[in-house]
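Comments concern the structure below.
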Amino acid sequence: MTTDRDSDDGRAQPAVVDAAERNRFEIVVDGQLAGFAEYRRRPGRIAFTHTEIDPAFAGRGLGGQLVSAALSEARRDGLDVLPFCPFVRRWIEEHPRELDLVPAERRRQFGLPDC
């Protein structure tokens, strides 16, 4: 998870938190909710179902930061990832180092490479 830290230009950095009570990871900028990635968690796996960034925060790369942090937590917790959300699926396609989070036998279901 990331934490609020001042950047070189004095602005607060985005923070990603697991809002488990709402079944989603949230990204917060200057105290404002900028977006979220909804999930369903089961023993040994996490299924991402929807990701959304508030249009007021668009174009800042926050969606990528959000998904990257969420996948890092899934890896840390040893969870398989099921990317039902198109944004999460595309992130994994574009960052092949994350592919191993998706079980090999499920990759084809998501249009991901088997290897």
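The values are calculated or read from the model by the stated rules, or taken from the named source; none is laboratory data. These figures come from a predicted structure and were not determined experimentally. Heads up, the Cβs are rebuilt from the backbone with ideal geometry, glycines too, and the neighbour counts pull from every protein chain shown.
Structure values in brief
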read-out	value
Residue in the stretch 90-98 that is touching a residue at least 12 places away in the same chain (Cβ under 8 Å), in contact with a Ser or Thr (Cβ under 6 Å, 6 or more places away or on another chain) and crowded, with 20+ Cβ neighbours inside 10 Å present	no
Matching entry among Ala104, Ala34 (being of a type outside the set (Phe, Trp, Tyr) and under 14 Å from Val16 (Cβ atoms))	Ala34
Count of the stretch 51-73 residues which are in contact with a strand residue (DSSP E or B) (Cβ under 6 Å, 6 or more places away or on another chain) and over 18 Å from Glu94 (Cα atoms)	4
Tally, over the stretch 66-81, of residues that are crowded, with 19+ Cβ neighbours inside 10 Å and closer than 15 Å to Pro14 by Cα	4
Filter result for Arg41 (more than 13 Å from the chain's Cα centre (by Cα), assigned to a helix (DSSP H, G or I) and at pLDDT 95 or above)	no
